[in-house]
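Everything below concerns the one structure shown next.
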């Protein structure tokens, strides 16, 4: 089987590529334009496989996509390419609309034309798997969970762009018959996550004795999913999911942000004790909340567990310990990013809204 993976140099995409190459059978075509958040270092082992190919291509480039499909003849598409950081979408939504909406349209257009030319078993087996987020559902109250039937109510430019792409994928299935499956996941964490995200930023700041900025009062709740567990779930959805169906993927790890930060502080203290002792919890600083910050997300993943026999293997405690240890042991990787691409500054201060005013 040959799978075309878009965004395969990103955080989740690289985990998917590593998982697919690691099965010893699947061939992967990694299509990525290598934005600021790309992590090609995460693919060094996979890139040595004869079953791995890479193309630096923007999914908004229709002619380039058509050439890729014609050259590589994939059996399936796993679409992960996306701008994904909510704070950056608040500052400037243009790239999110271009990549997440226009790029998804271009990819659907290309995949549909390619699929229509297939015959027999190849046509019947082809799948287009669209990978999305639980943020499209908006905010939950203090109780309940997102299910596959939860109405969409996106509250940030990022989630609105992903909701739009989800709707386009559904429309392409209903209107043109493209065999699609969709998955919506909770917050991912793990190795090689770009330092702008909560968990890696808190690990790095705790180690380097910098303030740990927590939005609002830290009461926002998220469900956490280890990226390797997510990669396994995505392959299950692609290979065993029913065409036209949507699957929510969660980690059964619902926690307040402040609780996550406290756990990180305690782990860094344990693994790299401060000189003179003391807890890094005293580095926590409460800052102005993100505009439109959804209070709570929680995912009901019972459908993917029941129908596709998947379940997360990492508890949040075990996964976080591995993640903290990895960042402590791979300082060259993230220090290089902080020096050249992202210095840990606050994002999401609604610059676009300030300009409009």
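The values are calculated or read from the model by the stated rules, or taken from the named source; none is laboratory data. Note that the coordinates shown come from a computational prediction; the quantities given were computed from them, not determined experimentally. Cβ atoms come from the backbone with ideal geometry, glycine included; neighbour counts cover every protein chain shown.
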| Do we find that residue 111 is in a loop (DSSP other than H, G, I, E, B) and in contact with a helix residue (DSSP H, G or I) (Cβ under 9 Å, 6 or more places away or on another chain) in this structure? | no
Residue hits (segment 31-54; out of contact with any helix residue (DSSP H, G or I) (no Cβ under 6 Å at 6 or more places or on another chain) and assigned to a strand (DSSP E or B)) are 31, 32, 53, 54
Picked from segment 149-173 (must be in a loop (DSSP other than H, G, I, E, B) and touching a helix residue (DSSP H, G or I) at 6+ places or on another chain (Cβ under 6 Å)), the residue surrounded by the most Cβ atoms within 10 Å (Cβ to Cβ) is 156
Scanning segment 174-195 for residues that are over 13 Å from the mean Cα position of the chain (by Cα) and either under 21 Å from residue 307 (Cα atoms) or assigned to a loop (DSSP other than H, G, I, E, B) (or both) gives 177, 178, 179, 180, 181, 182, 195
By residue number, the members of segment 277-307 that are surrounded by 17 or more Cβ atoms within 10 Å (Cβ to Cβ), modelled with pLDDT of 95 or more and out of contact with any strand residue (DSSP E or B) (no Cβ under 7 Å at 6 or more places or on another chain) are 280, 305
Would you confirm whether any residue within segment 329-350 is more than 20 Å from the chain's Cα centre (by Cα), modelled with pLDDT of 95 or more and surrounded by 14 or more Cβ atoms within 10 Å (Cβ to Cβ)?
-> no
Residue 190 passes all but one of the listed conditions (1) surrounded by fewer than 21 Cβ atoms within 10 Å (Cβ to Cβ); (2) at pLDDT 95 or above; the exception is number (1)
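So, in segment 120-142, of the ones that are touching a residue at least 60 places away in the same chain (Cβ under 8 Å) and part of a helix (DSSP H, G or I), which residue ends up surrounded by the fewest Cβ atoms within 10 Å (Cβ to Cβ)? I'd like the intermediate steps shown before the answer.
Filtering segment 120-142 down to residues touching a residue at least 60 places away in the same chain (Cβ under 8 Å) leaves 127, 129, 131, 134-135, 137-142.
This time we only want the ones that are part of a helix (DSSP H, G or I), so: 134-135, 137.
Working: 134: 26, 135: 26, 137: 23.
If we take residues in segment 120-142 being touching a residue at least 60 places away in the same chain (Cβ under 8 Å) and part of a helix (DSSP H, G or I), then 137 is surrounded by the fewest Cβ atoms within 10 Å (Cβ to Cβ).
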- Does residue 66 qualify as being surrounded by fewer than 17 Cβ atoms within 10 Å (Cβ to Cβ), under 13 Å from residue 107 (Cα atoms) and touching a residue at least 12 places away in the same chain (Cβ under 8 Å)? yes
Matching residues in segment 1-60 (in contact with a strand residue (DSSP E or B) (Cβ under 8 Å, 6 or more places away or on another chain) and in contact (Cβ under 8 Å) with a residue 60 or more places away in the chain) number 14
The residue from 270, 314, 307 that alone is in a helix (DSSP H, G or I) and within 22 Å of residue 195 (Cβ to Cβ) is 270
